[in-house]
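Take a look at the structure below.
The values are calculated or read from the model by the stated rules, or taken from the named source; none is laboratory data. Note that the structure is a prediction, hence the values are computed from the model and not measured. Neighbour counts are summed over all protein chains in view; Cβ atoms, including those assigned to glycine, are modelled from backbone coordinates with ideal geometry. SASA here: full protein model, heavy atoms, side chains in, ligands and nucleic acids out. Shrake-Rupley method; radii C 1.70, N 1.55, O 1.52, S 1.80 Å.
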Amino acid sequence: MLKRYERNMKTLSEEENQQLRNHKVCVIGCGGLGGYIIEMLGRLGIGYITAVDGDVFDASNLNRQILSNEATLGKSKAETAKARMALVNSDVYVNAIVGKLNKENAEEILQGHDIIIDALDNIETRFILQETAEKFNIPLVHGAIAGWYGQVTTILPGDRTLDVIYAKKDIRGVEKELGNPSFTPALVASIEVSEVLKLLIGRGEILRRKILFINTLELEYNIVEL
């Protein structure tokens, strides 16, 4: 076992950590949530990460997006994720897809992965993720953030959990109204990654058919059955 993973031991067995290099995880969105998610997946040793984002960094991203800095302004978020991981863990392959996921390309992008991670700020695209993940029998880990608040759930094929969370499919997310500070994306991303890890190693309790609501302002963490 490489020295880089020795602090994973006891949390993971050596065999579990070695197996992570054989898994493929697709992260949709490389911004506030996605940047932290890719960072943590790569440091765990996930062997293949697909990073999907059609945007470039601008100055408004600097307050919270770990992949953004003054030197990356104007650069592709997906390509920056690839370059970052080459510095962090060269054993991890990042397939950078510069473009937005939509109905036309979803199947081509998502098929073949072990897990899909929702790091989006767009509800309509989330439903495309859920539909396509179900078609290919792939678990989907959902996360969302707004201001002091966040939520996480894990959706297995057939659960259709987003139908419950976003019963009104035309509603807009509230992140533009509440803003997003630096700490909420990191917190929610870490919980999403922990859900991914539990799915991959096959142990621990996941947030299936329930949702974790996080309120950091009042320090409330509530799990609601769906």
(request) Pop out the ³J(HN,Hα) list for segment 34-50 in order, Karplus 6.51 cos²θ - 1.76 cosθ + 1.60 with θ = phi - 60°, rounded to Hz; leave Gly and Pro as x. (result) x, x, 5, 4, 4, 4, 6, 4, x, 6, 5, x, 4, x, 9, 10, 9
(request) Would you work out which of 184, 154, 202 lies farthest towards the positive end of the dipole of the chain, given +1 charges on the beta-carbon of Lys and Arg and -1 on that of Asp and Glu, about the Cα centre? (result) 202
(message) Could you sort the peptides 101-110, 180-189 by per-residue average Cβ neighbour count (10 Å cutoff), highest mean leading?
(response) 180-189, 101-110
(message) Sequence gap at least 6, Cα distance under 8 Å: using those rules, report the relative contact order of the chain to the nearest whole percent.
(response) 19
(request) Compute the Cα gyration tensor for segment 1-71, then decide on rounded, prolate or oblate, letting a ≥ b ≥ c be the square roots of its eigenvalues: rounded whenever a/c is under 1.5, prolate when a/b is larger than b/c in the other cases, and oblate in all that remain. (result) prolate
(message) For a quick check of understanding: with a 1.4 angstrom probe and all protein chains in place, what accessible area in square angstrom does residue 226 have, to the nearest ten?
(response) 80
(message) Can you tell me what share of the DSSP beta bridges in the chain is antiparallel? A percent to the nearest 5 is fine.
(response) 45
(request) Would you mind classifying segment 27-139 by shape? Square roots of the alpha carbon gyration tensor eigenvalues, ordered a ≥ b ≥ c; an a/c under 1.5 is rounded, otherwise it is prolate if a/b is larger than b/c and oblate if not. (result) oblate
(message) What distance in nm lies between label points placed 7 Å from Cα along the C-beta direction at residue 83 and residue 219?
(response) 4.1
(request) Report, to the nearest whole %, how much of the accessible area of the chain belongs to carbon and sulfur atoms, 1.4 Å probe, protein only. (result) 49
(request) Classify segment 78-208 as rounded, prolate or oblate from the Cα gyration tensor: take a ≥ b ≥ c as the square roots of its eigenvalues, call it rounded if a/c is under 1.5, otherwise prolate when a/b beats b/c and oblate if not. (result) rounded
(message) Using the Karplus curve 6.51 cos²θ - 1.76 cosθ + 1.60 with θ = phi - 60°, what ³J(HN,Hα) values do you get for each residue of segment 20-33, in whole Hz, with x for Gly and Pro?
(response) 4, 5, 8, 9, 10, 10, 10, 10, 9, x, 10, x, x, 6
(message) Below 8 Å between Cα atoms, with a sequence gap of 6+, how large is the relative contact order for segment 1-58 in percent?
(response) 38
(message) Let me cross-check residue 11: its accessible surface, 1.4 Å probe, with only protein heavy atoms counted, in Å² to the nearest 10?
(response) 90
(message) Please compute one quarter of the surface area of the Cα convex hull for segment 69-129 and express it in square nanometres.
(response) 5.3
